[in-house]
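Okay, so here's the structure we're looking at.
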């Protein structure tokens, strides 16, 4: 199994542990991730609300680079990159006017033929839960997790074609297979404030604080995410949330790849667990998932 | 809210232009309010999303383009997915922001978000990939929040979550051509991506705010 891999900017900086753990998991399962050479930023939110054509041209440039790599589908871990790449593909397939303009900008023909998949989708739907189950060496028994999907993984459904819109379950299914207990909670697809992390921090603190509160109220000991922005808002900003709203949250926020890695018997140090600001090690030790010191 | 709507406004072509440009039928909106009910940021907005739709229907371009709402929209797409009339409200918000850029209509408040977007894109144009240190530094200086998130910085360095130097891609020429051509085709002047007027206005407001805070 080979994929052209598009890490995205976050996975090379604030979400390094997502990149590390995704590669570790892929390695353990025999999925080959070939990084797209000289990839550029997908433009994220600022592009699509400033220059529409630019927000299509940047992903298309990456997809063209992936096409040169060989006849592979593109795998990406970041929910925002996933959404931008998929939306660009959709426009290039259906919208002739936009296709013409974008082709002129990037100087090549392209009509949306390079398929894009989220790494979660690859694991659950392509590799298969049954196959993962066979490779699990350590069940994460007793770990109650809230699976948090955020905005862009499932929305808009006609573009992402990934999961149920209001009540997605891919990550919950994966967590069940590796022995963790996903809690039922209503904030699976609420917004964390995402791109306002720097500009409107107050909004992010409120929205992310609400998410943490709901997860705690429903009995979750940790939150599992599939998006680097969700993770940074819930983890990096947790201290500030505690200060602002006089709370005492101490909820580790994992990437699904990290928990899967632990279940596959990969060492915690190779999954970037030490990079979180809310230290997850005490919880993992308490549950007997990693060795006690 | 009370508005006086003149004949000129109602007869303006704003609604038609918008519907033609982004292919969304705003005229289908029957004001059920589902978009506003699900909007996570509605509590901060001056007009709720459904009110923006109504203002668009009535052709009230200036109110819409200078509203806080269009900049506060986080593009989470909840409204788009739930609209019973299948209007892509998030796309309309995008369109309105792009139009505000083109018309140089700077909102009276919430200038930080357009400023951030401009710095972000400039950053990509320079390096090809996001250079977070540069982005945060530039944003803090130009927005006047000099010491924002300084407490987080040492932790981020220790955990190697943020690099000191940018990572440049190899083929920057090709990338810059993409930026140039996109601006040209969209008929948006590129220097508007980082307009001094916006920055000075922003800094000025911050300094005034600080002085008033001291009193």
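What follows is calculated from the coordinates using simple rules that are stated; it is not laboratory data. Remember, it's a predicted structure, so these values are computed and weren't measured experimentally. FYI the Cβ positions are ideal-geometry reconstructions off the backbone, even for glycines, and counts take in every protein chain you see.
Rounded to the nearest 10 degrees, the inclination of helix B:89-102 to the longest alpha-carbon principal axis of chain B is 70 degrees. In terms of packing, defined here as the mean over residues of other Cβ atoms within 10 angstrom, the peptides A:89-100, B:61-72, A:239-250 line up highest first as B:61-72, A:89-100, A:239-250. Note on chain A: semi-axes of the ellipsoid equivalent to its C-alpha gyration tensor, largest first and rounded to whole Å, are 32, 23, 16.
Sorting the segments A:205-211, A:224-230 by their residues' average number of neighbouring beta-carbon atoms within 10 angstrom, most packed first, yields A:224-230, A:205-211.
The long axis of helix A:79-94 is offset from the longest Cα principal axis of chain A by roughly 30 degrees. Restricting the calculation to alpha carbons of segment A:229-279 gives Rg and Dmax of 12.5, 38 angstrom. Averaged over the residues of B:174-187, the number of partner chain Cβ atoms lying within 10 Å of the residue Cβ comes to 6. State whether segment A:1-43 is rounded, prolate or oblate according to the following rule on the C-alpha gyration tensor (a ≥ b ≥ c being the square roots of its eigenvalues): a/c under 1.5 gives rounded; otherwise a/b larger than b/c gives prolate, and the remaining case gives oblate. Verdict is oblate for segment A:1-43. The angle between the Cα long axis of helix A:96-106 and the longest principal axis of the Cα atoms of chain A comes to about 90 degrees, rounded to the nearest 10. For segment A:2-118, the C-alpha radius of gyration divided by 2.2 N^0.38 Å, with N the number of residues, is 1.04. Per residue of peptide A:36-45, the mean number of Cβ atoms on other chains within 10 Å of the residue Cβ is 6. Peptide packing: for B:81-90, B:141-150, the average count of neighbouring Cβ atoms within 10 Å per residue gives the ranking B:81-90, B:141-150, highest mean first. When the convex hull of its Cα atoms is viewed from all sides, segment B:9-102 shows a mean projected area of 5.2 nm². Only Cα sites of segment B:117-186 enter the Debye sum here, all with the same form factor; the resulting log10 I(q)/I(0) across q = 0.28 1/Å is -1.23, listed in q order.
Counting Cβ atoms of other protein chains within 10 Å of each residue's Cβ and taking the mean over peptide B:70-83 gives 6.
Going from the residue with the fewest nearby Cβ atoms within 10 Å to the one with the most, B:98, B:54 rank B:54, B:98.
The tail of the calculated P(r) for the protein assembly as shown beyond 31 Å holds 44 percent of all Cα-Cα pairs.
Evaluated at q = 0.08, 0.11, 0.20, 0.21 Å⁻¹, the base-10 log of the normalised Debye intensity for segment A:137-286, with identical point scatterers placed on the Cα atoms, takes the values -0.20, -0.39, -1.30, -1.40. Put simply, the C-alpha atoms of chain B give a gyration tensor, and the ellipsoid matching it has half-axes of 33, 22, 18 Å, longest first.
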